[in-house]
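Trainee: First the structure, then my questions, so here it is.
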Amino acid sequence: MIAEEKSAMLLQAACDFQAESIKSREETRKLFRENESSNENILRIFLDGLLAHLSQKLSEKIDTTDEKISYQIGLSSSFIRTHFSAINFVLDGDLIESTILCRKQLESLARMHEIDSKPLTRLNKKTPNISNVLKGSSGRMYGIMSEVAHFSTPRVSDLLNIIENGEMIGPSIYPKYNTQSHACSDMVYFVAIYFSYWFLAKLEDWYPTTDLSEEKTILEIATKVALECDVIRFSDE
């Protein structure tokens, strides 16, 4: 009887927590959209739509395939699925979770490039080398992502949104809108642009009879918007 009472109490606590979390995420999404610039919105629509559209190509038969192509198709499928999870985390205010997924995206992208240049026997069970996709100062992004993933400094708590309640100051247990959400969104789309250029080139190789000119135009427009948003910038090195 005691076990049943405790189970009911714990179940209610879990349900209450989830209900409050859902409510907080809905409010966070609303505030994100209210504070999102026009260009940020355009970039999100273009890149999300482009990746969703291109993902359908992977359901088509490839005439000639091998182990490397199969590996890259698996990585590409995972990348696209993770992209939408990462941006949903941003919209919901789960910035640490989004950053961790973005770190995974960079590692996947690095492995995609490595597969083109190295035998698979040299890659198996090896951590991808991020320097294959990020050079110079842009490579510091991965260091920031790793800091968040490992929670290696106290400042990572800022991504949880610090709240004040009288004399009490601390991170919110529920997701809240945070102005840093926009920086996290920038990281997600920065990596997505890198992937999209690589992926379009691969689709041309895998499906040589497919016309991807419209998709290329969409990506070019998205890239111009990303430059205007300062999501990407020309190297000054």
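The values are calculated or read from the model by the stated rules, or taken from the named source; none is laboratory data. Quick caveat, the model's predicted, so the values are computed rather than measured. Note that we place each Cβ from the backbone using ideal geometry, even for glycine, and neighbour counts take in every protein chain shown. Ligands, DNA and RNA are excluded from the accessible area calculation, which covers all protein heavy atoms including side chains. Shrake-Rupley method; radii C 1.70, N 1.55, O 1.52, S 1.80 Å.
Trainee: Quick one: count up the residues across the stretch 129-150 that are more than 18 Å from the chain's Cα centre (by Cα) and either of a type in the set (Gly, Ala, Ser) or buried (at least 16 other Cβ atoms within 10 Å of the Cβ) (or both).
Mentor: So the count comes out to 4.
Trainee: Okay, moving on. How do the helices (runs of 4 or more DSSP H) wholly within the stretch 1-93 filter down when requiring 3 or more residues that are β-branched (Val, Ile, Thr) and over 20 Å from CYS229 (Cβ atoms): which remain? Spell out how you get there, then give the answer.
Mentor: Details: elements: 2-35, 38-55, 67-92.
Qualifying helices (runs of 4 or more DSSP H): 2-35, 67-92.
Trainee: Let me confirm something: among ILE45, ILE22, ILE115, ILE69, which residue is farther than 29 Å from SER146 by Cβ and touching a Phe, Trp or Tyr at 6+ places or on another chain (Cβ under 8 Å)? Quick ask: steps written out before the conclusion?
Mentor: On the way: ILE45 fails: touching a Phe, Trp or Tyr at 6+ places or on another chain (Cβ under 8 Å); ILE22 fails: touching a Phe, Trp or Tyr at 6+ places or on another chain (Cβ under 8 Å); ILE115 fails: farther than 29 Å from SER146 by Cβ.
Of ILE45, ILE22, ILE115, ILE69, the one residue that is farther than 29 Å from SER146 by Cβ and touching a Phe, Trp or Tyr at 6+ places or on another chain (Cβ under 8 Å) is ILE69.
Condition check ((1) open to solvent by 30 Å² or more (accessible area, probe 1.4 Å); (2) closer than 27 Å to ILE42 by Cβ; (3) under 18 Å from the mean Cα position of the chain (by Cα); (4) of a type in the set (Phe, Trp, Tyr)) across all residues:
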{"residue": "THR99", "(1), (2), (3), (4)": "no, yes, yes, no"}
{"residue": "LEU106", "(1), (2), (3), (4)": "no, yes, yes, no"}
{"residue": "ASN124", "(1), (2), (3), (4)": "yes, no, no, no"}
{"residue": "THR127", "(1), (2), (3), (4)": "yes, no, no, no"}
{"residue": "ASP158", "(1), (2), (3), (4)": "yes, no, no, no"}
{"residue": "ILE173", "(1), (2), (3), (4)": "yes, no, no, no"}
{"residue": "TYR189", "(1), (2), (3), (4)": "no, yes, yes, yes"}
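Trainee: Here's something else I'd like to know. Tell me which residues, restricted to the stretch 196-205, are in contact with a Ser or Thr (Cβ under 8 Å, 6 or more places away or on another chain) and either buried (at least 23 other Cβ atoms within 10 Å of the Cβ) or of a type in the set (A, V, I, L, M) (or both).
Mentor: Of the residues in the stretch 196-205, the ones in contact with a Ser or Thr (Cβ under 8 Å, 6 or more places away or on another chain) are 199, 202-204.
Result: PHE199, LEU203.
Trainee: Taking the condition of being polar (S, T, N, Q) and touching a residue at least 24 places away in the same chain (Cβ under 8 Å), how many residues in the stretch 97-129 meet it? Before you say what the answer is, go through the steps one by one.
Mentor: Of the stretch 97-129, the ones polar (S, T, N, Q) are 98-99, 105, 108, 117, 121, 124, 127, 129.
Filter again for touching a residue at least 24 places away in the same chain (Cβ under 8 Å), leaving 98-99, 105, 108.
Residues meeting the conditions: 4.
Trainee: Criterion first (among the aromatic types (Phe, Trp, Tyr) and on the phi > 0 side of the Ramachandran plot) does PHE190 satisfy it?
Mentor: Details: among the aromatic types (Phe, Trp, Tyr): yes; on the phi > 0 side of the Ramachandran plot: no.
Against the criterion (among the aromatic types (Phe, Trp, Tyr) and on the phi > 0 side of the Ramachandran plot), PHE190 does not qualify.
Trainee: Still on this model: Scan (1) open to solvent by less than 50 Å² (accessible area, probe 1.4 Å); (2) at pLDDT 95 or above; (3) touching a helix residue (DSSP H, G or I) at 6+ places or on another chain (Cβ under 6 Å) for the single condition LYS57 breaks and write down its number.
Mentor: (2)
Trainee: Looking only at residues in the stretch 31-57 that are free of Cβ contacts under 8 Å to residues at least 60 places away in the same chain and more than 20 Å from the chain's Cα centre (by Cα), which one is farthest from ILE218 (Cα to Cα)?
Mentor: GLU34
Trainee: Would you confirm, using the coordinates I've provided, whether THR28 is crowded, with 19+ Cβ neighbours inside 10 Å, touching a Pro at 6+ places or on another chain (Cβ under 8 Å) and not charged (D, E, K, R)?
Mentor: Numbers: crowded, with 19+ Cβ neighbours inside 10 Å: yes; touching a Pro at 6+ places or on another chain (Cβ under 8 Å): yes; not charged (D, E, K, R): yes.
Yes, satisfied.
Trainee: How many residues, within the stretch 198-237, are closer than 16 Å to ILE42 by Cα and of a type in the set (D, E, K, R)? So that I can check it myself, show each step before the final result.
Mentor: Let us first name the residues in the stretch 198-237 that are closer than 16 Å to ILE42 by Cα, namely 215, 217-232.
Imposing the further condition that a residue be of a type in the set (D, E, K, R) reduces the set to 215, 220, 224, 228, 230.
Here the count works out to 5.
Trainee: Of the conditions (1) surrounded by fewer than 20 Cβ atoms within 10 Å (Cβ to Cβ); (2) of a type in the set (Gly, Ala, Ser); (3) closer than 14 Å to SER196 by Cα; (4) modelled with pLDDT of 95 or more, SER85 clears all except one; give me its number.
Mentor: With respect to (1) surrounded by fewer than 20 Cβ atoms within 10 Å (Cβ to Cβ); (2) of a type in the set (Gly, Ala, Ser); (3) closer than 14 Å to SER196 by Cα; (4) modelled with pLDDT of 95 or more, SER85 is out only on (3).
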